[in-house]
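What follows is a single structure, written as structure tokens, with notes after it.
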Amino acid sequence: MLIQVAYVFANFASGSYFLTQFARRVVQVYDNDCNADMEKNGERMLQNLIASTSDGNSVFFDVGANVGDWSAALIKGGYVGRLVAIDPLSKNLSKVREKLTAHNYPNFDLCECAVSDRVENKKFFINTDPALSGHDSLFDMRSIGYKEGVDCVEVKCTTLDELAKQLNISKINFLKIDVEGNELSVLKGAKSLLSQGSIDFIQIEFGHAARAARVYLHDIVQFVNEYNYKIFVIKPTGFLPLDFSPFTENRYSYINFLLARDGALSVLNGHILKK
């Protein structure tokens, strides 16, 4: 009976622009979609969890560090391990250095490169508006309809496997990937680390930028499943297991996922949400 009433109301409400926009917003808030506020979208909670479980041997990789806000917030939250910040632009890494130094944090490496699935030089598209530097990418976002002005430079690309080898790192406790559409390629460039179970947790952003790379969420889910990781939606109060179906593909405009290695799931005890 309730379902029938709901359908009747939905048919009635669908005729109102304001009600349909309200309904869209309700779903967006429920899904935690398009929520970039670290203090409210669950990222701060995740940072606190990382920090609380870290020690001097912990290793954190920030791939796509930009100007270092995420890394600096992690340090501020009490993280005590080694930090590797990676970005293809020297001007960004200078700001990362300033922020980490301001926190008197000595245990970090700065790597000037992009991370992908092969070692090569590639074009990198930089927004002419510095306020939009978070949209800088190996892909031209104008190809999917963005109207932002961009400059193009050539940058060095490497793989996560190769970079870890160069830095003499065999274990990564937490890997954060925010590379505007190139997330799957970063994962593909870490096949050796993933197959050895050498990365406990991975945070990836997924959204419109993936369309510029012609990558579906299904591509990421299928790849990750080969390496025994569970996928969670990062929400303000915890981590919700992702039930993927073809209908999930268009559900999110911008969302953060947490990938957790099966052997490391116990760290999330008390934080996994019920469906």
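Results, tabulated for the structure shown:
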| read-out | value |
| --- | --- |
| Evaluation of Asn250 against (1) crowded, with 19+ Cβ neighbours inside 10 Å; (2) without any contact (Cβ under 8 Å) to a residue 12 or more places away in the chain (one fails), failing number | (1) |
| Single residue of region 228-256 satisfying the filter (in a loop (DSSP other than H, G, I, E, B) and in contact with a strand residue (DSSP E or B) (Cβ under 8 Å, 6 or more places away or on another chain)) that is modelled with the highest pLDDT | Leu242 |
| Matching residues in region 68-112 - criterion: being on the phi > 0 side of the Ramachandran plot and surrounded by fewer than 18 Cβ atoms within 10 Å (Cβ to Cβ) | Gly78, Asn104 |
| Pairs where the first residue, in region 105-126, is under 23 Å from Lys188 (Cβ atoms) and in the same structural domain as Asn92 (by TED's automatic domain parsing) and the second is loosely packed, with under 15 Cβ neighbours inside 10 Å and of a type in the set (Ser, Thr, Tyr), C-beta under 6 Å, 6+ apart | Glu112/Ser90 |
| Residue match in region 232-250 (condition: touching a Lys or Arg at 6+ places or on another chain (Cβ under 8 Å) and hydroxyl-bearing (Ser, Thr, Tyr)) | no |
| Scan of region 71-93 for residues that are of a type outside the set (A, V, I, L, M, F, W, C) and part of a strand (DSSP E or B), ordered by number | Arg82, Asp87 |
| Test result for Ser170, in contact (Cβ under 8 Å) with a residue 24 or more places away in the chain, hydroxyl-bearing (Ser, Thr, Tyr) and loosely packed, with under 15 Cβ neighbours inside 10 Å | yes |
| Some residue of region 50-64 being within 16 Å of the chain's Cα centre (by Cα), buried (at least 18 other Cβ atoms within 10 Å of the Cβ) and not in a strand (DSSP E or B) | yes |
| Odd one out for Thr101, checked against (1) in contact with a Ser or Thr (Cβ under 7 Å, 6 or more places away or on another chain); (2) more than 23 Å from Lys188 (Cα to Cα) | (1) |
| Residues within region 114-134 that are of a type outside the set (Ser, Thr, Tyr) and either at positive phi or surrounded by fewer than 18 Cβ atoms within 10 Å (Cβ to Cβ) (or both), tallied | 11 |
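Results for (1) of a type in the set (A, V, I, L, M, F, W, C); (2) assigned by TED's automatic domain parsing to the domain that holds Glu43; (3) under 24 Å from Val115 (Cβ atoms); (4) over 17 Å from the mean Cα position of the chain (by Cα), shown as yes or no for each residue.
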| position | (1), (2), (3), (4) |
| --- | --- |
| Gln196 | no, yes, yes, yes |
| Ala210 | yes, yes, yes, no |
| Val221 | yes, yes, yes, no |
| Ile234 | yes, yes, yes, no |
| Thr237 | no, yes, no, yes |
| Asp243 | no, yes, no, yes |
| Leu259 | yes, yes, yes, no |
| Lys274 | no, no, no, yes |
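The values are calculated or read from the model by the stated rules, or taken from the named source; none is laboratory data. Model, not experiment: these values are computed from the prediction. Cβ coordinates were reconstructed from backbone atoms using ideal geometry, including for glycine residues, and neighbour counts include every protein chain displayed.
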